[in-house]
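A short reminder: the numbers here are calculations on the coordinates, not readings from a lab. Predicted model only: the values in this text are computed from it and were never measured. So basically every Cβ, Gly included, is an ideal-geometry build from the backbone, and we count neighbours across all protein chains shown.
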Amino acid sequence: MAEMHAVKTFARVGDPRPSSRRAAPPLPAWLALPDRDDGGEEDGRAPRRTRYRTIFVSDVHLGTSGSNAAMLLDFLKAHECDTLYLVGDIVDGWQLRKGWYWPQPHNDVVRAVLKMAKHGTRVIYIPGNHDEHFRDYAGLEFGGIELLDEDVHVTADGRRLLVIHGDQFDNVVLYHKWLAFLGDGAYTLLLKSNGLVNWCRRRLGLPYWSLAAHMKKRVKNAVAFISRFEEVVAHAAAERRVEGVVCGHIHSAEIRQFGEITYYNDGDWVESCTALVEHGDGRMEIIDWAERDRQQELAARERPRPTLVTG
């Protein structure tokens, strides 16, 4: 398969000068899209997709066993949008440095995003702390995907939203990286436990449930950290003279008002499986894909089973 190359460079947000950064290396061959797309879409057999103006997704952590890549792939196949924001920690470089883990669903997610870009969706990738190596390529484009340190998104109703990953405001990550790695190890263990719990639930015919999210909501320090993080991010957005901020990082989906600033967090795809979407009129909403899965499972169980009639 031929390698895909970066096709252009562009300036950072607010920088009128053309980028002078070095040319980007080619994407590896395993990320290349086939010349012909998978069948089932052009001939009208594809299921109808829900359309949004913008979709924000973060904290997928591809390359880890805790990533719910298959659920994200299902979500991407069910929706389409004008702009897709990948708001950091899409790939987990911290874990991949420790050991290679890249099953087929992880590859499928990457290919699905590349396919969206190929078919006209504007895809903007804003790296986080787990995929921080991509920050070296901010201002470049790979396979139709723009890499930026941050962006300002203008909603359909004219509001300006700062889009960042959010690790910039996490003092542990910023000033004590070795402590962050230590905490990441404990969190990885929790996610592995989460995987085991859901393996058992699947065997019992039960829907997805996040042990990690359940624990986070009940640990006092975690709740306090999330609340403080939201306040700090909203304050930073106010200083930037925008109307709101979209981030990820803390794996806690939320829409919250701080004075004149609206704080949005799109959640994650290792615990809650959530995304933030913008409707055509600028209205914002959190989509809980795991909850949708649970509701479908419950509906399937409540359907009356056909009665076997014997003569």
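Below is a table of values for the structure above.
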{"read-out": "Gain upon complete extension [R240, R160; 0.36 nm per residue less C-alpha separation]", "value": "27.8 nm"}
{"read-out": "Amide hydrogen neighbours beyond the local backbone of A156, cut-off 5 Å, H modeled", "value": "G282"}
{"read-out": "3J(HN,Hα) from dihedral phi, segment 123-140, Karplus parametrisation 6.51/-1.76/1.60, rounded to Hz, x for glycine, proline", "value": "10, 10, 10, 10, x, x, 6, 7, 10, 5, 4, 6, 5, 5, 10, 4, x, 10"}
{"read-out": "Integer Hz, Karplus 6.51/-1.76/1.60 couplings in order for segment 81-89, x for Gly and Pro", "value": "7, 6, 9, 10, 9, 9, 9, x, 6"}
{"read-out": "Nonlocal amide H pairs with W102, under 5 Å, H built at 1.01 Å", "value": "none"}
{"read-out": "Rounded to whole Hz, the Karplus (6.51, -1.76, 1.60) HN-Hα couplings of segment 272-277, x for glycine and proline", "value": "8, 6, 10, 9, 9, 10"}
{"read-out": "Local electrostatic count at V245 - Lys and Arg +1, Asp and Glu -1, tallied over other residues with Cβ under 13 Å", "value": "-4"}
{"read-out": "Relative packing of 99-105, 53-59, which averages over residues the other C-beta atoms within 10 Å, highest first", "value": "53-59, 99-105"}
{"read-out": "Amide H partners (placed H, <5 Å) of I145, local residues excluded", "value": "none"}
